[in-house]
Structure formats: C-alpha cells, structure tokens
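Participant: Before I ask anything, here is the structure I am working with.
The values are calculated or read from the model by the stated rules, or taken from the named source; none is laboratory data. Keep in mind the model is a prediction, meaning the values are calculated, not measured. Ideal geometry is used to build each Cβ from the backbone, glycine not excepted, and the neighbour counts take in all protein chains shown.
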C-alpha cells in the first residue's frame, strides 16, 4: 500500500448540511463543504471528515462537478492505485459469482455500488464494454483496462464513454476500441433467448442488462399472449416473449437501426416474422392511433428511456409518463398485464406509483400490483445512496370489469 503524505488533501463538511455523508451517503456536494485543505487536482484522492473531524472515508475529488467528492473507501490510508482497482474488480466479479453461475452477459461493475465511482463495465461473453463518467476514472483508464485484461482475458474491450455528463467534469466524450477487435453486433443470451447488441453505435453500452431479471419475472405471463413492446430498442422483451410462447408480439421504437437488430435477433431464435413484428414509429403517436382503432393486448411492456435527465425535468417527465401509461392501460384487456418501467432516478418510486394510481383512475380501470421489480441484481444498490437505485418496474394486472 502506498503511504499517504502527512499533509494529504482533505475535505471538512459543514455542520448543518453535511449530515448525509455522515449517514453513509457516498457523495459530498459542493455546498456541503466547509473547507478544503491542500491542493488536490481533479481525480485526486482526498480524506473526507465530518464537521467534528471524524473520518468518513476516502473520496475522489472533482473541481467542476457539484459532486465535489465521491467516497470509494472507508479505510483511512487506501489509495485508488493499481492494486486497489484490481481488488475492486475482483470483488465485483466475486459478488456476481455469488448470485449463481455467471451468465453469458452481465454487469461486472456498477459504479458507486461497487466502490468504483464513475465506472461501468458490462460483459458480453468474451467481450467487455466500459463507460467512464468521472475524471478520477478517466485518469485511471489504462489501469482499469489492464485489470480487466488480467481478470477476464477478454477478446475485446470497447469504450462507450460518449455521454454528456463527461463535459461536466471537463472531458470530451470518447468512444472506441481499447483492446482486441470487437465482434459487432454481438449476441446476448438471456432468459433462454438470444438478442443482438450493437456495442459501437447502440445506446449506453449496447444493451440494457438491467432488465434481464424483470424479463424473467414476466416470462410466465407471455404464453399464448398478444404482446405489445413499447420503446422496444433491440427487441429484448419481444424476443423473450416470443421464445416463451407469446402468440403475437409487436415491438415499437423510433430507431430504425435498433429495429433492424431486433428483427435479426428474432430470426436467430426462429421466430416467425409475421408473429414477431417490429414497427418504426413514435410511441406517443402509435398509442393514439391504436386507441382510435380500439386495439387490445394481453401484455403491454412500457419501458421508455429516461425522461427526467435532472430533477428540474421531473414534473414534465411525470406528465409524459402519465400519458403513456393512461393510453397503455386503455389498450389492456381484462386480466391483462402492464409492465411499466422508469429508469429515471430523478423520479422516485413513490412519485411513479402515485402517477400510476392517477393514470388508472383516468383510465377508469382497476389494477392489482402483481409484482414490483427493480434493476437486475448484478446492478447492486448502495443502501445509503438512493441514486444507485434508479429502475422501477411495476407489474400491474387489470382486474376484470364487474
């Protein structure tokens, strides 16, 4: 372990507003900082102290973000050096192994929840995709790549750090190959089905692994059902539904490249293109058209992208969620299932549930909560940092009229 200098940089929190970190939260916001000792550079380690000078943890410093420090360790002398990065990634994989046999595709590292703030690593067979969002991880990119090569021996490592938040930390967006020659698109095996992911041009890291567990929860409802998959992206919900016996599936999305991959994925599974269809359309316009035609479905999956990028967007997002869910509820047959999701961490579970209650009232429909889901277990949630719990999934069964 590298010794820290006696005059190592430190943050001391304000007495009145710094209590969140004292309760275990991993973020220290700029307005919570009383004083900064030393001259830390962006991405440097700093010690974090309470107003009473109680040591709270080692943090990674940012000068430009509202999150002034992200805590990565409770050990007084632990630096995020090569050995620590390797230990963190080994521990992250050990946790995934504790969940059961490692699947073909899974999230290996989930940022703060794996004490690697600003780093996401998704594994797709023998390929890995990383996303770096903080200056601290940016400075440790090569260390991370080396640790992943040692841990996974991957055929390829792709970087998908093409996210706007990097600009907040003074960085340009990045995308490219860091190791090997990626196979793209690549197959993703989940829930007995095979889908395709575009690791280079697709959304996020190419595939939404956070919904794998929720699709397993929904699988028993698909047999013999007419399924509508809204914001279907590469068709994972539609393909899993088809493999699990859906009578008919229709996936709707505004991205033609994603729909092309969805159709190819369905073909890999031997699904009849007449019964597993994909439509290029704006979902809001599509729902209005379906209502006018009085269409109905046994299962509807509503899995939109994040509609609230920041807290100030939450009210507008809830309005959009309400319209989507109201229209979907009206298309659902008696006894049918609506799987409705939100990946906006700026919209809390209680707010989302209250919106659903109002939408059901406006739809003049009665629902029971069959199940409630969250992100897959390989996307762990840090107990004291609610921002790490972002995905809400409500399984709503429409009660028969009368």
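Participant: Check off (1) part of a helix (DSSP H, G or I); (2) within 26 Å of residue 379 (Cα to Cα); (3) outside the structural domain of residue 142 (by TED's automatic domain parsing) for residue 56 and give me the number that stays unchecked.
Facilitator: (1)
Participant: While we're looking at this one, here's another question. Can you go through 281, 296, 342, 291 and tell me which one is touching a residue at least 24 places away in the same chain (Cβ under 8 Å) and under 22 Å from residue 205 (Cβ atoms)? Talk me through it step by step, then tell me what you get.
Facilitator: Values: 281 fails: under 22 Å from residue 205 (Cβ atoms); 296 fails: under 22 Å from residue 205 (Cβ atoms); 291 fails: under 22 Å from residue 205 (Cβ atoms).
After applying the criteria, what remains is 342.
Participant: Do any helices (runs of 4 or more DSSP H) entirely within region 128-230 hold 3 or more residues that are farther than 27 Å from residue 59 by Cβ, and if so, which? It would help to see each step written out before you state the result.
Facilitator: Details: elements: 135-139, 141-152, 165-168, 212-218.
It comes to 212-218.
Participant: Given the criteria without any contact (Cβ under 8 Å) to a residue 24 or more places away in the chain, outside the structural domain of residue 386 (by TED's automatic domain parsing) and closer than 25 Å to residue 191 by Cα, does residue 100 qualify? Talk me through it step by step, then tell me what you get.
Facilitator: On the way: without any contact (Cβ under 8 Å) to a residue 24 or more places away in the chain: yes; outside the structural domain of residue 386 (by TED's automatic domain parsing): yes; closer than 25 Å to residue 191 by Cα: yes.
It is true that residue 100 is without any contact (Cβ under 8 Å) to a residue 24 or more places away in the chain, outside the structural domain of residue 386 (by TED's automatic domain parsing) and closer than 25 Å to residue 191 by Cα.
Participant: Looking only at residues that are in a helix (DSSP H, G or I) and in contact with a helix residue (DSSP H, G or I) (Cβ under 6 Å, 6 or more places away or on another chain) in region 69-126, which one is nearest to residue 27 (Cα to Cα)? Full working, then the answer.
Facilitator: Taking region 69-126 as the starting set, the residues that turn out to be in a helix (DSSP H, G or I) are 82-98, 111-114.
Now narrow it down to the ones that are in contact with a helix residue (DSSP H, G or I) (Cβ under 6 Å, 6 or more places away or on another chain): 82, 85-86, 89, 92, 112-114.
Details: 82: 23, 85: 19, 86: 23, 89: 21, 92: 20, 112: 9, 113: 12, 114: 14 Å.
In this case the residue turns out to be 112.
Participant: Go over the candidates 360, 365 one by one and state the one that is part of a helix (DSSP H, G or I) and more than 30 Å from residue 108 (Cα to Cα). So that I can check it myself, show each step before the final result.
Facilitator: On the way: 365 fails: part of a helix (DSSP H, G or I).
Result of the check over 360, 365: 360.
Participant: Let me ask something else. Sort through 270, 245, 265, 251 and tell me the only one that's out of contact with any strand residue (DSSP E or B) (no Cβ under 9 Å at 6 or more places or on another chain) and closer than 21 Å to residue 217 by Cβ.
Facilitator: Details: 270 fails: closer than 21 Å to residue 217 by Cβ; 265 fails: out of contact with any strand residue (DSSP E or B) (no Cβ under 9 Å at 6 or more places or on another chain); 251 fails: out of contact with any strand residue (DSSP E or B) (no Cβ under 9 Å at 6 or more places or on another chain).
Only one candidate qualifies: 245.
Participant: Only one residue in 384, 349, 365, 360 is closer than 16 Å to residue 303 by Cα and either touching a residue at least 24 places away in the same chain (Cβ under 8 Å) or touching a strand residue (DSSP E or B) at 6+ places or on another chain (Cβ under 6 Å) (or both), so which one is that? Write out each step before concluding.
Facilitator: Working: 384 fails: closer than 16 Å to residue 303 by Cα; 365 fails: closer than 16 Å to residue 303 by Cα; 360 fails: closer than 16 Å to residue 303 by Cα.
When all the criteria are applied, what remains is 349.
Participant: So, one more: Filter region 167-212 for residues that are touching a residue at least 60 places away in the same chain (Cβ under 8 Å) and more than 26 Å from residue 380 (Cα to Cα); which is surrounded by the most Cβ atoms within 10 Å (Cβ to Cβ)?
Facilitator: Here the residue is 185.
Participant: How about region 12-28: which of its residues are crowded, with 16+ Cβ neighbours inside 10 Å, part of a loop (DSSP other than H, G, I, E, B) and out of contact with any helix residue (DSSP H, G or I) (no Cβ under 6 Å at 6 or more places or on another chain)?
Facilitator: 25
Participant: Taking region 368-393 as the region of interest, how many residues are buried (at least 19 other Cβ atoms within 10 Å of the Cβ) and assigned to a strand (DSSP E or B)?
Facilitator: The qualifying residues number 3.
Participant: Could you give me the residue pairs with C-beta distances under 8 Å whose first residue belongs to region 1-26 and is within 24 Å of residue 86 (Cα to Cα) and not assigned by TED's automatic domain parsing to the domain that holds residue 61, whose second residue is assigned to a helix (DSSP H, G or I) and modelled with pLDDT of 95 or more wherever it lies, and which are 6+ apart or on separate chains?
Facilitator: If the second residue must be assigned to a helix (DSSP H, G or I) and modelled with pLDDT of 95 or more, the pairs left are 1/83.
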